[in-house]
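Notes follow the structure.
The values are calculated or read from the model by the stated rules, or taken from the named source; none is laboratory data. If you're wondering where the values come from, they're calculated on a predicted model, not measured in any experiment. Because the Cβ atoms are built from the backbone with ideal geometry, glycine has one as well, and the counts that use them run over all protein chains shown.
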Amino acid sequence: MAEHIIGIGGERSISEVVSIAEAELSRAEGHPKKVKLRADNYEILAERGDFEGSFETFTLRMHIEERHFKSLEELLISLSGDYALAQDDGWHVLSWQSASEDGAEAQETDLKKIAGAVRLPEVWRVQGTDFRIEHVSTQLLFQAMVQYKASDVHLFPGSPPVFRVDNKTQESKIMGPLSAHQIRGLIREIAGDQYWEEYERDFQTSFNYHQAGLGYARVSAFVKGGAPHCTFRFLPETIPSFEDLNIPSDTMVELGRMHHGLVLVTGMTGSGKSTTVAALIDWINSNKNVHILTIENPVEYVQSRKKAIMSQRSTGADVRTFFEAVTGALRHDPDVIVIGEMRDPDTIRSAINAAATGHLVISTLHANTASEVVNRVVSFFDPVERDLVKLQLRDCIRCVICQRLVPRQGGGRVPALELLFNDIKPITDAIIGGNTDAIRIGMQQTVSHSFLFEKYLYNLYKKKIISLENAREYCTDVSVLDQMLMGTYSVPRLDSIKSTH
């Protein structure tokens, strides 16, 4: 039972003191039936029959000077409420029950006068008891995620489960507020021993959980303000196809047929990068007799063997670090190496080397546009290495996919894509120069298979899949989209690249 130290101030009624303490407890541990506050020579106990609503009975225990006790006795005589004052083992004990709605205002006035008479302290040590202890069903959580079509669910004390649907959060209407005890119990139930030990030691952990018949989840458990929090990222058992995801099949098949090089799937958090990568891996798995080695933290989409040999490794469980897994990957005879995230120079360097030695390497990276990815990757390295890294990227990058999830007309979301293919000399030269503007100009040339977000969003709008408002909100350069809408757009001249240097 955790203890919380709260500065409340001495010029408040007793009910205000209890209310503030209860609010603090609810955020940290959930709603208690009993709240106990203590300070030097004072204790307050408030109780109620349920986990929410007003407290019904109150007890104030105190060691106070005789003059303050006399003042309290005189005050109680003048009050209209029913207050019982007694002594117990040297303590002065005042008890009462909450008034009806009609008498609530008068009682509040009484309690403020009592607080003044006994000189309540400003700082209290607060504890709660009788929190919710009912078991939280993971099956119900998964069923709710499927029903709501939620991407995530957040569990934290004092609130019902909160689901993320179409990137907006909404509270569950079928489950009540949870307690810290319930959330901690859930984490312990679904975490393997090593992940539980990691949670206890480091106050955070992440792992994959399978609810048979409903789906998988990437679980992230952590501590905030001393309280357990937990999030589930929902992952379906059946990996969606390119058609299911509404992304261009012909382009993705072209990527899947590649034998070597680096393919990066980029975007901001929650843009669907992992799902796109999973769909691409599933296509390769279904169509090519190869060895696919994935390195993830943790494993997200679970791939069953089809035509390919599937080796999915989770850092922490199967290998200690991303770097060790990537550097060791070449000894495992892979054809395709999938790296969950490009997160540090050593991992990126190993991925580039693997791509340069005849492997197809697929990974993800946080970036807002495809054209900025080269400089984003290069920024991980010391300045003395950057020119070499640009040369290596020029030779190994095959494609950069950047995606954003855009609200669909009628509900749901649809991916908007930007593709950078390293397929024409102006783009290759711009990669060596690390020139983001020049890369963007090269992407607009008709001889390249690349295209910008604006082109993709324009097509989605013309097909009435998204609104014009959302097309404008999710594009990178509104002026380019406006030109497309007015029919005045023209491909930038290649010699305009020179002016960007």
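Overview of values
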| read-out | value |
| --- | --- |
| Breaking point among (1) touching a residue at least 60 places away in the same chain (Cβ under 8 Å); (2) β-branched (Val, Ile, Thr); (3) in a helix (DSSP H, G or I); (4) under 30 Å from Gln143 (Cβ atoms), for Thr231 | (3) |
| Selection count, the range 432-472, where residues are touching a Phe, Trp or Tyr at 6+ places or on another chain (Cβ under 9 Å), surrounded by fewer than 18 Cβ atoms within 10 Å (Cβ to Cβ) and in contact (Cβ under 8 Å) with a residue 60 or more places away in the chain | 2 |
| Verdict on Asp152 being surrounded by 16 or more Cβ atoms within 10 Å (Cβ to Cβ) and either farther than 19 Å from Pro32 by Cα or at pLDDT below 95 (or both) | yes |
| Enumeration of residues in the range 63-83 that are out of contact with any strand residue (DSSP E or B) (no Cβ under 9 Å at 6 or more places or on another chain) and farther than 23 Å from Ala104 by Cα | Glu65, Glu66, Arg67, Lys70, Ser71 |
| Residue list for the range 300-336, filter: of a type in the set (Gly, Ala, Ser) and at positive phi | Gly316 |
| Inter-residue pairs, beta-carbon under 8 Å, first over 19 Å from Thr57 (Cβ atoms) and assigned by TED's automatic domain parsing to the domain that holds Ile64 and in the range 95-123, second assigned to a helix (DSSP H, G or I) and of a type in the set (Gly, Ala, Ser), 6+ apart | Ala117/Ser71 |
| Counted residues, the range 83-122 - those being outside any helix (DSSP H, G or I), aliphatic (A, V, I, L, M) and surrounded by 13 or more Cβ atoms within 10 Å (Cβ to Cβ) | 5 |
| Residue match in the range 389-398 (condition: in contact (Cβ under 8 Å) with a residue 40 or more places away in the chain, basic (Lys, Arg) and farther than 25 Å from Tyr301 by Cβ) | yes |
| Residue check for Thr205: buried (at least 20 other Cβ atoms within 10 Å of the Cβ) and within 30 Å of Ala278 (Cβ to Cβ) | yes |
| Checking Val263 against (1) in a loop (DSSP other than H, G, I, E, B); (2) in contact with a helix residue (DSSP H, G or I) (Cβ under 6 Å, 6 or more places away or on another chain), the condition it does not meet | (1) |
| Residue satisfying condition, being touching an Asp or Glu at 6+ places or on another chain (Cβ under 6 Å) and hydrophobic (A, V, I, L, M, F, W, C), within set Val265, Val290 | Val290 |
| From the options Thr269, Thr276, Thr321, residue that is in contact (Cβ under 8 Å) with a residue 40 or more places away in the chain, out of contact with any Gly (no Cβ under 9 Å at 6 or more places or on another chain) and hydroxyl-bearing (Ser, Thr, Tyr) | Thr269 |
| 1 or more residues in contact (Cβ under 8 Å) with a residue 12 or more places away in the chain, farther than 29 Å from Val223 by Cα and not assigned by TED's automatic domain parsing to the domain that holds Ala180: qualifying strands (runs of 3 or more DSSP E) within the range 1-82 | 42-47, 57-62 |
| Matching residues, the range 202-247, being under 18 Å from the mean Cα position of the chain (by Cα), polar (S, T, N, Q) and within 20 Å of Val165 (Cα to Cα) | Ser220, Thr231 |
| Complete set of residues in the range 135-182 that are without any contact (Cβ under 8 Å) to a residue 60 or more places away in the chain and part of a helix (DSSP H, G or I) | Leu140, Ala144, Gln147, Tyr148 |
| Residue match in the range 414-432 (condition: small (Gly, Ala, Ser), over 28 Å from His260 (Cβ atoms), assigned to a helix (DSSP H, G or I) and not assigned by TED's automatic domain parsing to the domain that holds Lys168) | no |
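The rows are residues; the columns are (1) on the phi < 0 side of the Ramachandran plot; (2) touching a Leu at 6+ places or on another chain (Cβ under 8 Å); (3) among the hydroxyl-bearing types (Ser, Thr, Tyr); (4) not assigned by TED's automatic domain parsing to the domain that holds Phe207.
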{"residue": "Thr251", "(1), (2), (3), (4)": "yes, yes, yes, yes"}
{"residue": "Val263", "(1), (2), (3), (4)": "yes, yes, no, yes"}
{"residue": "Gly267", "(1), (2), (3), (4)": "no, no, no, yes"}
{"residue": "Thr276", "(1), (2), (3), (4)": "yes, yes, yes, yes"}
{"residue": "Trp283", "(1), (2), (3), (4)": "yes, no, no, yes"}
